[in-house]
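Novice: Got a structure here, written out as structure tokens. Questions coming.
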Amino acid sequence: MATENNNLPVRLYQKQFIAMMQTVFGVQSTFTPTFGDLQALDGIQNNAIAFSVKANDVPVAVGNYNTNPNVAFGSGTSNSNRFGPMKEIVYSDIDVPYDFNWSFNEGIDQFTVNTDLNSAVADRLNLQAQAKTRLFNGKLGAYLVDRAAADLGDVNDVNKVFEAASERYTDLEVVVPVRAYVTAEVYNAIIDHQLVTSYKGSAVNIDENGIVRFRDIVVTKTPTRYMAGKAIIFSPDNIGRAFTGINVVRTIQSENFAGVALQGAGKAGQWISDDNRQAIFTAGTSATTTTSTVAPSTTTTTSHA
């Protein structure tokens, strides 16, 4: 993309594109439950850090309250206390860098575009926001897979894999909702499993396409291309952040045709703390996953998904 405009008229669209990006991301991003709303910043520089977070790695101290008569009293008045040794808690700044770049460069010729020029610009910016959201989906899925604490193995039996994940989340004392991003193949295996049929008294109404829960984990059907080769990605909700910084989004009058060049460039990335990464798990591979299902049973039982 050219860095000089030779004094040609320029219109900037950063603010409009930020609002459009955040709206589209909120609706179309697969991993919004994990990363929340898209954080966006206008006018970033080439060497910009995305943002800084406050964090500390001092573990919570669990001690004994000491009632010895010479602790905090008697001979220990000046140099001891009954709460135990005091640790100073200091929060350090962690700089989070951008991870990848994005750009676009399109030409809109007023003689051939076959619509109003301003309408074409608005339409193309909307389509670019959708394209960037798909780009982010791929990046976020790969990030989750790369940062996962463990892989739970093959998905020959979806019930067994979800049981293993549920046990891990119980032991980790995760208190926020947990979600499983799954391929269509795994999703269908779950839908057909006897534990999510009405015969088991499940709260899920498959006929009305209600929210599917399996072993108390919310299931989200996800396109295979966003799964980075995995069949399942387990992650608690709202444990990370996705962000983008915009260098420029503009139209500039072209010297080569009767119209404008629509150009944009920016950076983006994602972040999850080391502690929260311990609650991310994967399972299976999207290419080789087998999803054997169990036929629905008509036997009444008190077992629930």
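Novice: So how exposed is ASP123, as accessible area in Å² (1.4 Å probe, rounded to 10)?
Specialist: 80 Å²
Novice: For ILE217, what accessible surface area do you get with a 1.4 Å probe? Give it in Å², rounded to 10.
Specialist: 0 Å²
Novice: Another question, if that's okay. If amide hydrogens are placed 1.01 Å from N in the peptide plane, which non-local residues have theirs closer than 5 Å to the one on VAL248?
Specialist: For VAL248, the qualifying residues are ALA265.
Novice: Extension gain ILE191-ALA131, at 0.36 nm per residue separation less the Cα-Cα distance, in nm? Before the final figure, lay out each step's value.
Specialist: On the way: separation 60, 0.36 × 60 = 21.60 nm, distance 3.03 nm.
Stretched fully, the ILE191-ALA131 segment lengthens by 18.6 nm.
Novice: Shifting gears a bit: So how do 275-282, 166-173 stack up, highest first, on mean other-Cβ count within 10 Å?
Specialist: Numbers: 275-282: 18.8, 166-173: 12.9.
Packing proxy ranking, top to bottom: 275-282, 166-173.
Novice: Fully extended, how many nm does the chain gain between LYS15 and THR170 (0.36 nm per residue separation, minus their Cα-Cα distance)?
Specialist: Working: separation 155, 0.36 × 155 = 55.80 nm, distance 4.34 nm.
Using 0.36 nm per residue and subtracting the Cα-Cα distance, I get 51.5 nm.
Novice: Now for a separate question. Share of segment 128-190's accessible area from carbon and sulfur, percent, 1.4 Å?
Specialist: Numbers: 1230 of 2840 Å².
Answer for segment 128-190 is 43 percent, counting heavy atoms of protein chains only.
Novice: Got a number for the accessible area of THR30? Probe 1.4 Å, square angstrom, nearest 10.
Specialist: Per-residue accessible area (THR30): approximately 20 Å².
Novice: Which is farthest toward the positive dipole end of segment 80-163 among SER119, VAL90, ALA150, measuring Cα position about the Cα centre, with Cβ charges +1 (Lys, Arg) and -1 (Asp, Glu)?
Specialist: VAL90
Novice: Skip the ligands, DNA and RNA, and give the accessible area per residue of segment 206-265 with a 1.4 Å probe, whole Å². Write down the numbers at each step before the final one.
Specialist: Details: 2480 Å² over 60 residues.
Computed with neighbouring chains in place, this is 41 Å² per residue.
The values are calculated or read from the model by the stated rules, or taken from the named source; none is laboratory data. Bear in mind that the values here come from a model prediction, so they are computed numbers and not experimental data. Note: ideal-geometry Cβ built from the backbone for every residue, glycine included; neighbour counts use all protein chains shown. All accessible areas refer to the heavy atoms of the entire protein, side chains included, with ligands and DNA or RNA removed. Shrake-Rupley method; radii C 1.70, N 1.55, O 1.52, S 1.80 Å.
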